[in-house]
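Structure record follows, encoded as structure tokens.
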């Protein structure tokens with residue numbers, strides 16, 4: 001009917017009507033926009049921020065039996081399918097409801113409330129104070145003085161009355177004795193305590209308590225009782241908590257959510273005009289007690305219930321709080337290697353959150369971690385099977401550029417292969433060179449040390465290298481090359497590897513070798529032969545990779561009169577060796593050896609209160625241990641290359657400050673730090689570096705590696721001739737003073 005009316009008549013232009021229609025259209029657009037919900041990806045990213053904020057900073061999770069993982073799993077379908085703002089808000093609130101916390105809830109952004117006045121009335125012999133338009137604080141003081149009992153009706157989003165009650169002049173009218181307002185305790189983390197047993201046990205979580213305040217005794221009648229009545233998102237004043245703990249007040253609420261004065265909160269932007277107010281602290285009194293949640297009364301007769309409460313016997317409102325955190329461990333995830341979409345999203349959240357707050361080298365990352373999370377999250381959802389899911393995790397971890405940030409799972413083991421062939425490979429002159437042969441069948445087939453592998457199972461080895469390195473986290477290019485060589489020939493146990501090999505005459509041959517897990521342990525050790533030996537000229541040699549801590553004293557006795565000692569650190573070594581060897585090289589005490597920093601998670605890193613970011617860290621200077629044993633006074637050197645990682649690099653830090661030990665070789669892997677770990681659905685355990693370790697002078701180690709003062713590298717020709725050119729350079733350095741001078745120039 002309307003359509004035919006407008007089409008049948010030729011109306012004259014009417015500016016007033018046009019403006020009215022335009023304004024109406026704009027209003028309709030604005031109303032429609034107000035109900036729009038963010039895109040699914042944006043909702044999931046916002047939910048991730050919310051879930052991680054609660055996981056690490058909501059105090060309830062420090063000691064209450066709350067399955068926060070399952071809360072997410074149950075809420076995600078509704079969050080993903082929400083079609084409008086109301087559905088989105090309800091879905092997010094359903095997630096927060098698992099906390100059973102009145103101070104954590106979803107709010108809709110709106111203009112700030114403006115101050116109002118007060119309304120004073122008397123009912124059933126009680127003074128009822130609520131918000132109105134005319135009364136002043138002076139009249140409130142007078143009314144309270146003459147009242148026997150008082151109900152403070154705070155059922156308003158406007159906190160005017162609540163804040164007025166916390167003014168000292170009003171507080172003095174409410175108590176005849178001094179009162180204690182509660183302190184606030186927050187849940188903080190010194191690193192991330194590991195979930196698996198092989199992590200660093202020095203990481204821990206704790207409560208940090210900010211003390212409360214004292215309210216001096218005032219002139220209130222000693223028998224006066226108070227009731228504080230709350231509504232949805234009302235603010236409970238601090239004086240109410242003190243009075244309730246003293247048995248002088250009762251706190252009631254007609255709604256599930258309210259704010260508590262003094263309690264720290266964070267606002268998490270959910271998009272679409274919604275925010276989540278998340279509790280970061282909880283009230284705690286000097287005796288270790290806290291406040292129970294307010295008792296709930298029906299909305300229909302809430303004020304009558306509040307007045308009736310004044311006639312009941314007074315009771316102290318307090319609950320005993322645990323003195324330290326005892327968080328529930330994450331419940332076991334379903335055993336399926338390919339989790340449901342909800343569990344895959346949970347995995348993405350855990351990875352993002354753990355690295356965001358606890359990764360020691362976040363400042364050395366090439367990319368913004370939040371951007372990596374945003375880019376990676378859709379891949380977790382799109383993963384079509386267990387392998388795609390596991391590779392998504394591995395690919396995400398490569399972006400942190402840390403050799404110790406490794407995912408471990410049966411699926412990844414199967415992809416990279418658990419079983420090696422009996423050949424050791426190293427990248428020499430950018431070619432995969434065989435440096436050791438363990439399989440006798442390879443020797444019988446004519447394979448020699450120095451041969452180059454060109455294909456594996458019909459695939460060009462360069463192509464395989466490029467395919468696999470996209471899923472191998474590494475701190476440096478040399479560390480990446482070494483890690484890739486350790487697994488590039490792997491496959492299923494007992495499978496047959498078909499290798500194409502180029503010999504020293506550039507002739508190609510194809511051989512087949514059986515893979516076996518029995519080679520794995522032998523390949524982890526880089527060398528054979530004597531752990532200790534002496535070269536001509538009185539030069540001692542120590543293979544740190546195979547030296548046991550209990551043999552350190554014997555090693556020094558053997559080389560007591562040696563002209564020099566060469567420590568071979570080209571491989572993984574015992575973490576104890578640095579502390580056992582370095583003190584035997586110096587008489588100095590309290591020698592700075594390394595600078596260690598690490599993240600302290602005190603508050604969420606969110607845009608809050610005019611601050612764009614909020615982080616903290618611990619810092620200490622590690623010194624050399626002391627030893628009362630005799631000290632070796634000769635010269636020392638340490639051999640390093642891409643195989644030198646972690647504890648071996650840390651040993652180099654100790655040796656370089658103990659007696660200026662010379663480093664000889666090529667740059668090390670560049671990955672040192674105490675480890676932590678966590679698990680995600682699908683049977684994946686993820687380790688990572690939990691702190692930042694640097695040279696004693698502040699120089700960077702991570703993502704750079706040790707930089708030898710004397711460069712020496714292996715060559716294909718040297719490998720083929722059975723030479724260890726790096727070791728030779730070290731022996732030459734100590735054998736000939738002129739050679740030492742020239743080596744330093746090189």
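The values are calculated or read from the model by the stated rules, or taken from the named source; none is laboratory data. Computed from a predicted model, the values in this text were never measured in an experiment. Here the Cβ positions follow ideal geometry from the backbone for every residue, glycine too, while neighbour counts run over all protein chains shown.
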Looking only at the range 267-314, and only at residues there that are touching a helix residue (DSSP H, G or I) at 6+ places or on another chain (Cβ under 6 Å) and in a strand (DSSP E or B), the one that is surrounded by the most Cβ atoms within 10 Å (Cβ to Cβ): 270
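Conditions (1) surrounded by 14 or more Cβ atoms within 10 Å (Cβ to Cβ); (2) modelled with pLDDT of 95 or more; (3) under 16 Å from residue 649 (Cβ atoms); (4) touching a strand residue (DSSP E or B) at 6+ places or on another chain (Cβ under 7 Å), marked per residue:
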site: 531; (1), (2), (3), (4): yes, yes, no, yes
site: 542; (1), (2), (3), (4): yes, yes, no, yes
site: 556; (1), (2), (3), (4): yes, yes, no, no
site: 564; (1), (2), (3), (4): yes, yes, no, yes
site: 570; (1), (2), (3), (4): yes, yes, yes, yes
site: 586; (1), (2), (3), (4): yes, yes, no, no
Test for residue 346: is it surrounded by fewer than 20 Cβ atoms within 10 Å (Cβ to Cβ), modelled with pLDDT of 95 or more and closer than 30 Å to residue 402 by Cα: no
Looking at the range 122-176, what helices (runs of 4 or more DSSP H) fall wholly within it and have at least 2 residues that are under 18 Å from residue 254 (Cβ atoms) and under 51 Å from the mean Cα position of the chain (by Cα)? 160-165
Scan the range 341-350 and tell me whether some residue there is farther than 30 Å from residue 206 by Cα, part of a helix (DSSP H, G or I) and without any contact (Cβ under 8 Å) to a residue 24 or more places away in the chain. no
Every residue in the range 91-118 that is loosely packed, with under 13 Cβ neighbours inside 10 Å and at pLDDT 95 or above, please. 100
Would you point out which residue out of 325, 378, 332 is surrounded by fewer than 21 Cβ atoms within 10 Å (Cβ to Cβ), in contact with a helix residue (DSSP H, G or I) (Cβ under 7 Å, 6 or more places away or on another chain) and assigned to a loop (DSSP other than H, G, I, E, B)? 325
Residues located in the range 460-476, provided they are outside any loop (DSSP other than H, G, I, E, B) and either within 36 Å of the chain's Cα centre (by Cα) or surrounded by 13 or more Cβ atoms within 10 Å (Cβ to Cβ) (or both): 461, 462, 463, 464, 465, 466, 467, 468, 469, 470, 471
Output the number of the condition that residue 427 fails; it satisfies all remaining conditions of (1) crowded, with 22+ Cβ neighbours inside 10 Å; (2) within 36 Å of the chain's Cα centre (by Cα); (3) part of a strand (DSSP E or B). (1)
Pull up the range 665-683, narrow it to residues that are outside any loop (DSSP other than H, G, I, E, B) and buried (at least 24 other Cβ atoms within 10 Å of the Cβ), then point me to the one that is farthest from the chain's Cα centre (by Cα). 665
Which number in (1) surrounded by 23 or more Cβ atoms within 10 Å (Cβ to Cβ); (2) more than 30 Å from residue 389 (Cβ to Cβ) marks the one condition that residue 645 misses? (2)
Can you tell me which residues in the range 164-182 are under 30 Å from residue 56 (Cα atoms) and surrounded by fewer than 19 Cβ atoms within 10 Å (Cβ to Cβ)? 180
